[in-house]
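Every number here is computed from the coordinates shown, using simple stated rules; none is lab data. Given the structure is predicted, the values throughout are model-derived calculations rather than measurements. Here Cβ is always computed from backbone atoms with ideal geometry, including for glycine, and neighbour counts include all displayed protein chains.
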Amino acid sequence: MSSTADALIIGGGVQGASLAFHLAERCVRVTVLEKQFVGAGATGRSSGLVRMHYGTEVDSRLAWESFEFFVNWKNLVGGECGFTRTGFIQIVKREAEAALRANVAMHQKIGIPSLIITPEEVKRLAPTFRTDDFDIAAYEPESGYAMPSDTANALMNAARNRGARLVQNCAVTEITVTGGRVTGVGTTQGSFSAPIIVNAAGAWAGQINKMVGLDLPYDTWRHDTMFVVRPEEIGAQHPMVIDFPNEMYFRPEGGLTLVGLEDGNPLGESPDSDTDHAREGFVERAIDRICRRVPAMKDGGLHSAHGGYDGITPDQHPILGAAGPDGFYLDCGHSGTGFKTAPAIGLCMAELILDGASKTVDISPFAPSRFAGGKLIKGSYENIWK
Ligand SMILES: Cc1cc2nc3c(=O)[nH]c(=O)nc-3n(C[C@H](O)[C@H](O)[C@H](O)COP(=O)(O)OP(=O)(O)OC[C@H]3O[C@@H](n4cnc5c(N)ncnc54)[C@H](O)[C@@H]3O)c2cc1C
């Protein structure tokens, strides 16, 4: 097979799908090359949290712009993203409560529905939660979670409806560069040519960068999650929570509760390792943590546990922009938080590629050059992944 397009996207995760959608909206002939199937990587394993609370304004702005898509999905994209509103509570350690207040003020300035609540108010929202280890929390009443595979597939279908092409079971094995410009790729299904190539290969993106001789700090990050059957006492629903004191997050899904941990996520493993099972010891640690915040969970039962791999950078923020040969772009390194921001990042990347700069949100802080320039991104909280 041999074919020509305006742009090639390597990777059919939620980021590649979102970029394909936004480029196709602007009449770019785009082809997505995916080595397995849509959502086969981090996207298919994602916990799907959709919240705006961050300690960095650019992330909150991207999440807020994306939120507009999640809640108006049918009109803006079509198909289903499975957004479910649960409300979101951010709990921090007492020493970070001043930062929490400042962040909520920043979110309110952007227009995000966010407020400070007391432990008593948390109890009213979630009567079975322990609330004696914090004095304030942040609350986003409109936030919730979405279904990552559905989201990626809906974006890809919308892109295809606008003329994009998707080639699955098609692994990119080389990138051709002529006179300092990318010209195309070699794959397990033949060659494809285009003057623009975007690396959206998630945990595999470091391998793609090497194909053009690009040496950026990039690692793989493993993250396990567990579903528990929730005891009836906790109720049919509970808010979604990020719980810094317990280094954990959790959210409901029907009668189950999904739990993930902020610590113990190994770096540097092969992203092709087994993800059907969580690593040894994870389930025991996760059960211990969820029972600390929700003691009634002790009567719950384990439903399932598995893992996934994302690409991660030293400041745990994505790499977005041009680097290496002319025509080569990066949309990768989403560092365990790149689901909720995908709709807006795809839009911003399309603006960057076609107009020279993004206008929806200024994504220049994520430029690949920040590493060499010593301009790593620092928020008002510590990095989430330990
Ligand atoms: C367990 C887990 C839970 C998470 N929970 C959340 C959350 O609650 N909220 C949130 O916002 N984020 C979350 N994240 C992060 C989020 O899921 C990721 O940041 C996001 O899915 C990354 O999307 P992506 O398209 O960049 O990568 P991926 O989804 O990994 O897609 C990359 C694709 O590239 C393909 N590929 C790789 N190499 C090649 C090649 N050579 N040729 C062709 N194709 C190739 C892969 O097959 C893969 O499909 C979580 C991540 C994990 C792992």
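Size descriptors for the stretch 1-116, from the alpha-carbon set: Rg then Dmax equal 17.8, 59 Å. Taking every alpha-carbon pair in the stretch 323-386 and binning the separations at 5 Å intervals from zero gives 4, 13, 23, 27, 21, 9, 3, 0 percent. Put simply, the convex hull of the Cα atoms in the stretch 249-386 casts, on average, a shadow of 10.9 nm². Normalised by 2.2 N^0.38 Å, where N is the number of residues, the C-alpha radius of gyration of the stretch 141-198 stands at 1.57. The residue list Val167, Ser143, Ile242 was ranked by how far each Cα lies along the charge dipole of the stretch 118-267 toward its positive end, using unit charges on Cβ atoms, and Val167 comes out on top. Dividing the helix sum by the residues of the chain, where each DSSP H run of 4 or more adds -39500 (n - 2.57), gives a mean residue ellipticity at 222 nm of -8000 deg cm²/dmol. Taking all Cα pairs closer than 8 Å and separated by 6 or more residues, the relative contact order of the stretch 249-343 comes to 20 percent. Take every Cα pair under 8 Å whose residues are at least 6 apart in sequence, average their separation, divide by the length of the chain, and the relative contact order is 24 percent. Only helices reaching 18 angstrom along their own axis (Cα) with mean Kyte-Doolittle hydropathy no lower than -0.5 count here, and for the DSSP H runs of the chain these are 57-71, 97-110, 342-355. Using the empirical formula 2.2 N^0.38 Å as the baseline, the Cα radius of gyration of the chain reaches a ratio of 0.97.
With N as its number of residues, the stretch 255-304 has a Cα radius of gyration that, divided by 2.2 N^0.38 Å, comes to 1.30.
Mean sequence separation of contacting Cα pairs (under 8 Å, at least six apart), scaled by the length of the stretch 1-96, corresponds to a relative contact order of 19 percent. Close Lys pairs in the chain, defined as Cα atoms under 18 Å apart and 8 or more places apart or on different chains, number 5.
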